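Q: Dropping a structure here in structure tokens format, bear with me for questions.
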Amino acid sequence: MRFLTLRYFNEVAKLGSIRKAADRLHVAPSAVSRQIAQLEHELDAVLFERSKVGVQLTPAGEVLARQSNRIFRDLDRARNEIDDLRGLRRGEVSLFVIEGLVSGLLPDLLANFHHRYPAVTFRIQTGSTDRIIEALLEDEADIGITFNATPRPEIEVIAEHVEPIACLVAPTHEFANRTSLTLDDICTQTIALPEHSFGLRQVFERAIAKRQRAPQVLVTTNSLELTKRMAATGQVIAFMPALTVITELHSDVLRAIPIADPAFAAARSSISIHRDRPLPHAPQEFLKALADAIRGLSKTRKPG
């Protein structure tokens, strides 16, 4: 199996299209197709299902894609370590993060890091807590920022920030001037929630199940931004740490009402890495900066 063939396969697997992979690789689509056909012949397995809209991995293709991703990630690490030996400060940081969770923190942190290490690039993706943990386990991410993740032996938590989940309501909502809310209050309202793979949704469902309440969930979505927008209409309520809606709170688009329940008060965001996978220099340096920022955030929010 040649390296070039594996590289062509890897690009097609990532992009779901032979033509797009060919454009990325600066070769003709026919050249990519030949390499894929050669690889399928060598492995005696069909790797892609072809259709008019592109290609999709078969079960055999998914196995090879997982392994080839690890190979290319290891090569990237080797290149970064060689750069470190030369005293260079370049590399890539792969970061998976909950959408909106650190919107007030991450942009400034990235700008400051870029000023110190201008040649380091970032690949940042948003997703649910479950997806972020999967990315760490599958070696897709160097660093993950999760919300209320279930502890796993393979995952090492570097720093945490406790941020209570608040109920988000419009200024016109009947709860807008309340100082706190109970689960009984919440279950009288129509609710917008993220999907079940989100840590925030899991906190909500555990609290509701424990008290045997029946919420009125109108919207379930993978977009935290949509839940905020829905709450701003005044027709539904939503839930999020106040840290994620600082702009909306300052402009009085939303109000964040504390929830009188221990499960909501103890919610936390965590910076995590894979316990057994050493990080290259660039992710290591960014991890330090990120952990310091989260710890500093926690200190500034302590009472007194």
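Taken together, the values in this text are just the output of simple stated rules run on the coordinates, not laboratory data. Predicted model, so just to flag it, every value in this text is computed and none were measured. Reconstructed Cβ throughout: ideal geometry from the backbone, glycine too, with neighbour counts over all protein chains shown.
Q: With charges set only on the Cβ (+1 for Lys and Arg, -1 for Asp and Glu), what does the dipole of the chain come to about its Cα centre, in debye to the nearest 20? Let's see the in-between values first.
A: Numbers: 38 positive and 37 negative charges, 65 e Å.
Roughly 320 debye, rounded to the nearest 20.
Q: Per residue of the stretch 159-165, in order, report the coupling 6.51 cos²θ - 1.76 cosθ + 1.60 (Karplus, θ = phi - 60°) as ³J(HN,Hα) in whole Hz, putting x for Gly and Pro.
A: Residue by residue, the stretch 159-165 yields 7, 9, 9, 7, 9, x, 7 Hz.
Q: Sticking with this structure for a sec: Out of K288, K14, K228, any idea which swings most in a Gaussian network model of the chain, alpha carbons joined below 10 Å?
A: With Cα springs under 10 Å in the chain, the top fluctuation among K288, K14, K228 is at K14.
Q: Using helices alone, what [θ] at 222 nm do you get for the chain, with -39,500 (n - 2.57) per DSSP H run of 4 or more residues, divided over all residues and rounded to the nearest 500?
A: Numbers: 12 runs with 137 residues, N = 304.
Counting only the DSSP helices, I get -14000 deg cm²/dmol.
Q: Please report, in debye to the nearest 20, how large the charge dipole of the stretch 145-298 is about its Cα centre when each Lys and Arg carries +1 at its beta carbon and each Asp and Glu carries -1 there.
A: On the way: 15 positive and 16 negative charges, 46 e Å.
Value, rounded to 20: 220 debye.
Q: Related question: Report the full-extension gain for the segment K52 to E174: residue separation times 0.36 nm, less the Cα-Cα distance, to one decimal in nm. Please list the in-between numbers first.
A: Values: separation 122, 0.36 × 122 = 43.92 nm, distance 5.19 nm.
Computed gain between K52 and E174 is 38.7 nm.
Q: In terms of Cα to Cα distance under 16 Å, which aspartates and glutamates are near enough to K228, apart from those fewer than 8 places away along the same chain?
A: Candidates past the 8-residue exclusion: E99, E195, E248, D252.
Q: Rounding to the nearest 20 debye, state how big the charge dipole of the stretch 1-156 is about its Cα centre with +1 on each Lys and Arg Cβ and -1 on each Asp and Glu Cβ.
A: Working: 21 positive and 23 negative charges, 136 e Å.
So the magnitude is around 660 debye.
Q: A further question follows. Count charges around S128 for me, please; just the other residues with Cβ under 10 Å from its Cβ, Lys/Arg as +1, Asp/Glu as -1. Numbers along the way, then the final one.
A: Details: positive: R131, R201; negative: E99, D130, E134, E195.
Net of charged neighbours comes to -2.
Q: Put +1 on the Cβ of each Lys and Arg and -1 on the Cβ of each Asp and Glu in the stretch 165-265; which of I257, L200, L224 then has its Cα farthest toward the positive end of the dipole?
A: With unit charges placed on the Cβ atoms, the residue in question is L200.
Q: Which one is right for this structure if volume of the Cα convex hull per residue in Å³ is calculated from it: (1) 178; (2) 124; (3) 134?
A: Read-out taken from this structure: (1).
Q: Evaluate E = 1/(1 + (r/R0)^6) for A289 and A37, where r is the Cβ-Cβ distance and R0 equals 41 Å; express this FRET efficiency to the nearest 0.05. Spell out each step's value before the answer.
A: Values: r = 46 Å, r/R0 = 1.13.
The computed FRET efficiency comes out at 0.35.
Q: Please list the non-local residues whose amide H lies under 5 Å from the amide H of I124, H modeled 1.01 Å from N, same-chain partners needing a gap of 5 or more.
A: When sequence neighbours closer than 5 places are left aside, the close amide H contacts are L95.
Q: Relative to the first principal axis of the alpha-carbon coordinates of the chain, what is the inclination of helix 106-116, with its axis defined by its Cα atoms, in degrees from 0 to 90 and to the nearest 10?
A: The angle comes out at about 50 degrees.
Q: Still on this model: For helix 199-210, what angle does its Cα long axis make with the longest principal axis of the chain, in degrees from 0 to 90 and rounded to 10?
A: 50
Q: Continuing with this model, one more query. Rounded to whole Hz and in sequence order, give me ³J(HN,Hα) for the stretch 35-51 from the Karplus expression 6.51 cos²θ - 1.76 cosθ + 1.60, θ = phi - 60°, writing x for Gly and Pro.
A: 5, 5, 4, 4, 5, 5, 5, 5, 8, 6, 8, 7, 9, 9, 9, 8, 8
Q: Calculate, in nm to one decimal, what T190 and R275 gain on full extension: separation in residues at 0.36 nm each, minus their alpha carbon distance. Mind dumping the intermediate values first?
A: On the way: separation 85, 0.36 × 85 = 30.60 nm, distance 4.10 nm.
Full extension of this stretch gives 26.5 nm more.
Q: Could I ask something else about it? Going by amide H atoms built from the backbone, whose H comes under 5 Å of the H on I155, apart from near neighbours?
A: R275
Q: Over the chain, what is the percentage of antiparallel beta bridges among all DSSP beta bridges, to the nearest 5?
A: Details: 23 of 40 bridges.
Percentage antiparallel, nearest 5: 60.
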